Structures are given as C-alpha cells and as structure tokens.
1. Somewhere in segment 232-255, is a residue surrounded by fewer than 20 Cβ atoms within 10 Å (Cβ to Cβ) and over 27 Å from Leu95 (Cβ atoms)?
2. Of these, Leu291, Leu299, Leu281, Leu250, which one is part of a helix (DSSP H, G or I) and either touching a strand residue (DSSP E or B) at 6+ places or on another chain (Cβ under 6 Å) or more than 17 Å from Gln175 (Cβ to Cβ) (or both)?
3. When you look at Thr272, is it touching a residue at least 60 places away in the same chain (Cβ under 8 Å) and either polar (S, T, N, Q) or not in a strand (DSSP E or B) (or both), yes or no?
4. Does Gly107 satisfy the criteria of being loosely packed, with under 14 Cβ neighbours inside 10 Å, out of contact with any Leu (no Cβ under 9 Å at 6 or more places or on another chain) and not hydrophobic (A, V, I, L, M, F, W, C)?
5. So, restricting to helices (runs of 4 or more DSSP H) that lie completely within segment 130-230, which ones have at least 2 residues that are under 22 Å from the mean Cα position of the chain (by Cα) and among the hydrophobic types (A, V, I, L, M, F, W, C)?
Amino acid sequence: EEGYFKIKGGYTRFIREREKFLNAQQKLEGSLNSKMRREDEWLAQGPKARTTKAKYRIEQARRLRLELYGLKQRNRQTATVDIDFLGTGRQTKRLMTGLNLSKSIDGKELFKEISFELGPKSCLGVVGENGSGKSTLLRILAMLEDPVQGTVRFEGKPASFKSRCLRRKISLLTQEPYLLKRSVRANVEYGLKMRGMAPDERSEIADQAMAMVGLDPGEYAKRPWYALSGGEAQRTALASRLALRPGVLLLDEPFNNLDVDSIRLIQQAALTARKEWNAALVIVSHGRDWLEQACDRILTFKLGRLNGDHTPVH
C-alpha cells in the first residue's frame, strides 16, 4: 500500500528494518544529488555549448529533478511514518467538505445547495455553462469569499474569508495567470519568501516546482515575466502554487488558449501533486475527456442547480 512501510514481525524488527531502509534512501538521495549537480552544470553551459541531443538531455534532467524531488519529500515524511497495528491497510479522513452551499450576486442566484466532500488525493471535476457559478464556487473553496448560505469546513474546522491560517493550505490557479513583474524564479519563490523561508531552501524548492511544470531552471529561472508565452506564464503561475505544497489545489479553467504541450505539462504537474503529497484537486474545465480520466467525481452545473453528479469509471 502506497504511503506505508510494512514489515512482518514485532515492533523491534520493524524499527531495525526501517533504519536500514532509511539509510538506503539517504544514500540514493546523495547519488541523485550528485547526478543533478552534473546536469545543472551542463545546462548552465548554454544552448551553443550543447550537443545535438540537447532536447533529450534537457528532458532527462527534468525527469531526474522530479525523481530527486519526490525522493526528498518521501525521506522527509519518514519521521512521521504511521504504524498500522490494526491491519486496516488504509487511513481515510475528510480534508474539506461543503454543505448546502448557495451564492447570489446582485440578486442573481448563481447556485443553490451544492454539497461535496474531499479527501486526500481525491479529484473533483466541475463542468457547466458559462456564468453558472463554477469560478465563484472555487473562490468560496479558496476562502476568498463566503457563500450566502451553507458551510465549508477544512480539516474539521469552519472555513471562511476570515480563516487566514487555513487559507494558506489551499491554492487557486485562475484562468488568467497573475504574475509579478519579475523573473520566473522570483515569481515562484515569492510565496515561500513571504512565509519566511531561507533563500537557499526556497531557491531549491522553486527549482523543483519549475521542473514539475516543464520549465527548466537553467533556461527559465532568470527569464522576465514579459518574455513568456501564454503557456509558459500559466506554468509559472502553477509552479508558484506547487512550491507551497497546498493540501487542496483549485484549478479554474487552467487550459484556456494554451498550446498542447503546456496543457499536458499542467495536467501532469497536478497529478504529481496528488501523488507526491496527497493533494486534493478541484478542477473546473471544459475538457471533459481529461476529467473523466483524472477525477473521482464530476459535478455538472446548469441554471444554478446541480444538474449532474457523475462518478467516472477508470
């Protein structure tokens, strides 16, 4: 079962074998770090100094960075490994719930009595006609505004616009990427800087987040915001959110007017967040085919009502 370290036998053997496993993981991390340093040195040479296999090697470096990132996250989590003495093999909890959510703006009812439940690694899709309140629902879940009726709870606690501490655990990617007038890395690091993280640590995490969305740090770290294509800008905006490792990632029409490669990379990055740190996803999109593949549940909005509640068959 993913997320568990299991050994047959007593607790003493568990501790002994776990120590061996952790030592092996630390050695592997050291080896990957060495390989990544060599790749970074190669990338720093610039395009003119690279061979004809540059594109392949850039992709290889991106995959290596992601592998190293995942390994580091798993190694950090081993300090809190759960021991399942009951043998259930699975732990479940409610991460976020919405009960009978309703919203009106200027007397116009957008939606009424919408309910849902999100657990770690869950994926909720939302589809519907323009103006049906999908984006407003995401803003409510992001605690940027409150419903006129109904309640949202996050990790068992009431959540609202005033819940600043809870809001830090949720991140919203809007349709139009909002970037600061600075470099790609500075944009991705900004949230970490505001949370007081040391420069070296936030630079490393920013590079990892950039790699997740296919932006090679060697090429993009110093690139200014105005030199980015639409797809690159949206991927930079997503990387800045991934760097914060949100418990819930909200994506509002993230693929609008993007190139095919950017759409694929954004999809991959969202699913990586789901896999690597159990992020729950809520995705508003017209791309129903991908929602059918990725989501556990799809809600359909029409005329202010929940017109469909569908569980895809994977």
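No value in this document is a laboratory result; all are computed from the given coordinates. What you see is a predicted model, and the numbers here were worked out from it, not measured in a lab. No Cβ is skipped: glycine too gets one built from the backbone with ideal geometry, and neighbour counts run over all protein chains shown.
1. Within segment 232-255 (the criterion being surrounded by fewer than 20 Cβ atoms within 10 Å (Cβ to Cβ) and over 27 Å from Leu95 (Cβ atoms)), the answer is no, since none of the residues qualifies.
2. On the way: Leu299 fails: part of a helix (DSSP H, G or I); Leu281 fails: part of a helix (DSSP H, G or I); Leu250 fails: part of a helix (DSSP H, G or I).
Exactly one of Leu291, Leu299, Leu281, Leu250 is part of a helix (DSSP H, G or I) and either touching a strand residue (DSSP E or B) at 6+ places or on another chain (Cβ under 6 Å) or more than 17 Å from Gln175 (Cβ to Cβ) (or both), namely Leu291.
3. Criteria met by Thr272.
4. It is true that Gly107 is loosely packed, with under 14 Cβ neighbours inside 10 Å, out of contact with any Leu (no Cβ under 9 Å at 6 or more places or on another chain) and not hydrophobic (A, V, I, L, M, F, W, C).
5. Those helices (runs of 4 or more DSSP H) span 134-141, 164-167, 184-194, 199-212.
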